[in-house]
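What follows is a single structure, written as structure tokens, with notes after it.
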Amino acid sequence: MDKIVLLDGHSILNRAFYGVPDLSNSKGLHTNAVYGFLNIMFKILDEENPNFLVVAFDVKAPTFRHEIYQEYKGTRKAMPEELREQVPVMKEVLAAMGICILEQAGLEADDILGTVAKRAEREGMAVSLVSGDRDLLQIASDNIKIRIPKTRGGKTEIEDYYARDVQDRYQMTPTQFIDLKALMGDASDNIPGVPKVGEKTATDLIVQFGSLEGIYNHIEEITKKAIKESLAANRDLADLSKVLATINIESDIPFSYEQAVVGDFYTKEAYVLFKDLEFKNMLSRFEEDKTGDNKKDFFVQITDLAQAEAIWNRKLPSPVGVMIMEDSSKDADFVGLSLAIGDEEVYFFSAQGFLTKQYLVEKLKGVAEKVVISTFDIKKKYDYFISPQRMAEQGLALTEGFFDILIAAYLLNPLKNDYEAEDISNQYLNMMLESRSQLFGKGDFKGAAGEGDKLMQYACSLAYVCRQVTPILQQKLQETGMYELMRKIEMPLSYVLHDMEKIGVQVRSDELKLYGEALNGRIAELEQLIYHQAGTEFNINSPKQLGEILFERLQLPGGKKTKTGYSTAADVLEKLETEYPIVKDILEYRGLAKLKSTYADGLAAYIEEDSRIHTNFKQTITATGRLSSTEPNLQNIPMRMELGRLIRKVFVPASGQVFMDADYSQIELRILAHLSGDEQLIEAYKMDEDIHRITAAKVFHTPFEEVTDLQRRNAKAVNFGIVYGISSFGLSQDLSISRKEAESYIAQYFETYPKVRQFLTDTVETAKIQGYVTTMLGRRRPIPELKSANFMQRSFGERVAMNSPIQGTAADIIKIAMIRVWNRLKMERLQSKLVLQIHDELLLEVAEDEVVKVKKLLAEEMKGAAQLAVVLEIDLHTGMNWYEAK
């Protein structure tokens, strides 16, 4: 059976535009929508292998349905300029690839697609229609599959719908789906719908009465008064919506299958365009071998001991590319390792026979003492390269013998946080690799060991990429001024994090259980309090029911109704909590319920046999360089409410140890003082007084001794707000004051600290010119939002430009502090250990007889991590649990 694939051009471009982070080539042309479209198209083509391919587009001329809608409600929402400029580029690319484009004035793309799909079905073809528009579900059948792509962070997932799938998902046939859309409406498709009828109500009505006509024939049987009245009053709107929702499957569009035959897309014309658009990772599709198969004839599997010895005993050149092949489960199975030692010399050593894990690891450690090792994601693999004894003797200087291509790629583009080795290969070597999941599915490496050649090719490819890409990444780091950042901070830090993850932090499971029970008790109390104040019982966790209780039953002010009901988001409720006790109780209830699920229940699942939690520190996630923590997240332990803070009591040191907690004091404000060079702010810190009270005295022209608590609180909000580029609107919301007052506070602040204003202004202007900002140590943070045509996006970009040099420098300083503290502990052969980092805070497990020594060490190394115009200060405490130490 022949197969035709139909693509909805504008719809997929739109999805790609919003799903793929902003991209542009060196000429300033935005390319993210085109890039995302091609990724989706290639994915579809690889999966479907069709005989025919068509892409349909809307045209600028108004269509019949568009004109009807305009008579009712005016014009459609304007397309963003950054997307609009990519439409002709997309068509040019498709034309260069010889792909059939269909468009016609008076027809929308879904009319074209619906017509061609039904025509192809009648002629016995299998049809796959790809669109982000759910309207097209109405033409799904046993032979027509509707494919809806979802693009998030550059990755594409696709939902598939045949007729039976529409029935399963929406409880109705594809034809009934037209009536569903007519009732509920769809703003993105310009379908008004019937007021007060949402998706659930519309579904229930269609299921009960069968069709729009059936609903109106039995309108007196509808029990909900508001729905019945809205339907009766808006019959004309329902009929209009049905016209708008119905796709024309018999449109007059000239089309022949000959023009849609799938041929060789990878033409010279297309190649030129791909290069001009700078889609480097797609260029390999134009090579003679278009399958993306990167098998090399110099990839060799070694199983013989004599062969292995001959390779290991050679004098090897730097760098050597290495990939450890093991499964990622806790009981990881080591299946072997690959070694790239030349441009055309790559070996895979399978862990079998005489080539045991012990033998291979011993040999690898020997190589690591002589040459630079390049690998991917080294943090969890250090034990294969360096013995703990060697590290204890020589310290973190050893990490200069390693190069992690993941960390390097992250530094060069910190906006992309999901790098895989395959991505780096595509981007920097123009070499496309099949991913692990494509090759092995959900299976593990141990299970794939029987497929020797496939595993060997995959392992060798990764080692080959590590070796080949290393000089390229090193050169780019040099060009961007980040090579020393990589060498002196990020690589040593990766070992510190490796060590911290292995150590973990001890948790008392019995106390965690008691903590959960205490939360349950308070949650139950709050439930009864809320019910009493509401005068009825309801589902507090249901935003819809909660909104109705607060804004209809209790008539609280500030209710904002949306399609799904009143908004009960935190920012809405927080404005009411001071005046309405029920709102205060609801916010506490929510906070405790989250504590219960996330921490009291959630943490228990992560306690291992050693009674410790071993979190996973993420080094390559945030754009500013801050670390994050997952499985579980120990950097988000709540501090606002007392019951939240009490969770820290379950974290305890080992026997004979105490916890020592050191926290940088106001580090970002101190960095602001240094970077701006503002004499007034620097002097305020040198006075060694309360910085917020000093600022209040200066801003409000009040003697220091007479500053009120309210003035200090307001000055504190401005101090920290300035660091984050706060607007007068944001400050007015934070302080519950008028926008005019907030503007006055900010203006007075800048009059007091004029060089702060100049620093922030200059930083934004420089970022607009060069496209990025840097920290004191040269870390770059790209800010593509500054070039956006959207005002809100540009404003966000300006706030990022103001804050990133400050927050990023703080992240760099705490990393330096971690390296210095860890090294001192090891070099002085102390038993004390670094166990957690929480942004500006370090937690150590300290032997009781080392407390005095470690206090001194911490103060010296943390304060000495950077030389600023103001002194770095730390708050340092000890305790028998984390709560006491904090």
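The values are calculated or read from the model by the stated rules, or taken from the named source; none is laboratory data. What you are looking at is a predicted structure, and each value in this text was computed from that prediction instead of being measured. Every residue, glycine among them, receives a Cβ derived from its backbone with ideal geometry; neighbour counts consider all protein chains shown. We work out accessible area using only protein heavy atoms, side chains counted, and drop any ligands, DNA or RNA first. Shrake-Rupley method; radii C 1.70, N 1.55, O 1.52, S 1.80 Å.
Every residue, every condition in (1) surrounded by fewer than 16 Cβ atoms within 10 Å (Cβ to Cβ); (2) at pLDDT below 95, yes or no:
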residue	(1), (2)
S328	yes, yes
A332	yes, yes
V335	no, yes
G342	yes, yes
Y347	no, no
A351	no, yes
F354	yes, yes
K370	yes, yes
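For the range 806-814, check the following and say yes or no: at least one residue is open to solvent by less than 10 Å² (accessible area, probe 1.4 Å), farther than 15 Å from V496 by Cβ and either hydrophobic (A, V, I, L, M, F, W, C) or not in a helix (DSSP H, G or I) (or both). Yes, there is a match, as at least one residue in the range 806-814 is open to solvent by less than 10 Å² (accessible area, probe 1.4 Å), farther than 15 Å from V496 by Cβ and either hydrophobic (A, V, I, L, M, F, W, C) or not in a helix (DSSP H, G or I) (or both). Flag not set for E577, criterion: part of a helix (DSSP H, G or I), open to solvent by 30 Å² or more (accessible area, probe 1.4 Å), modelled with pLDDT under 95 and over 30 Å from G401 (Cα atoms).
One line per residue, one yes/no per condition, for (1) in contact with a strand residue (DSSP E or B) (Cβ under 9 Å, 6 or more places away or on another chain); (2) closer than 18 Å to R314 by Cβ; (3) of a type in the set (G, A, S):
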| site | (1), (2), (3) |
| --- | --- |
| L339 | yes, yes, no |
| E344 | no, yes, no |
| Y347 | yes, yes, no |
| Q352 | yes, no, no |
| Q358 | no, no, no |
| E362 | no, yes, no |
| A368 | yes, yes, yes |
| V371 | yes, yes, no |
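For the range 221-233, the criterion of being out of contact with any Lys or Arg (no Cβ under 9 Å at 6 or more places or on another chain), closer than 30 Å to G98 by Cβ and open to solvent by 80 Å² or more (accessible area, probe 1.4 Å) is met by no residue. Of all residues in the range 84-136, exactly one satisfies the criterion of being of a type in the set (S, T, Y) and either over 32 Å from the mean Cα position of the chain (by Cα) or open to solvent by 40 Å² or more (accessible area, probe 1.4 Å) (or both), namely T115.
Scanning the range 1-39 for residues that are part of a loop (DSSP other than H, G, I, E, B) and of a type in the set (V, I, T) returns V20, T31. Applying a threshold of 6 Å to beta carbon distances and a minimum spacing of six or more residues, or different chains, the list of pairs starting in the range 401-421 at a residue that is in contact (Cβ under 8 Å) with a residue 12 or more places away in the chain and ending at one that is open to solvent by less than 20 Å² (accessible area, probe 1.4 Å) and in a strand (DSSP E or B) reads F402/I373; F403/S374. Residue count for the range 823-859, restricted to those that are open to solvent by less than 80 Å² (accessible area, probe 1.4 Å) and either under 24 Å from G625 (Cα atoms) or outside any helix (DSSP H, G or I) (or both): 22. Here the helices (runs of 4 or more DSSP H) wholly within the range 399-513 that include at least 2 residues being basic (K, R) and farther than 26 Å from K365 by Cα are 452-479. Answer yes if at least one residue in the range 56-79 is more than 16 Å from A109 (Cβ to Cβ), modelled with pLDDT of 80 or more and surrounded by fewer than 19 Cβ atoms within 10 Å (Cβ to Cβ), and no otherwise. Taking every residue of the range 56-79 in turn, none turns out to be more than 16 Å from A109 (Cβ to Cβ), modelled with pLDDT of 80 or more and surrounded by fewer than 19 Cβ atoms within 10 Å (Cβ to Cβ). Listed conditions (1) in contact with a strand residue (DSSP E or B) (Cβ under 6 Å, 6 or more places away or on another chain); (2) open to solvent by 50 Å² or more (accessible area, probe 1.4 Å) are all met by I472, apart from (1).
Summed over the range 739-759, residues that are exposed (fewer than 15 other Cβ atoms within 10 Å of the Cβ) and either within 20 Å of M792 (Cβ to Cβ) or within 35 Å of the chain's Cα centre (by Cα) (or both) total 2.
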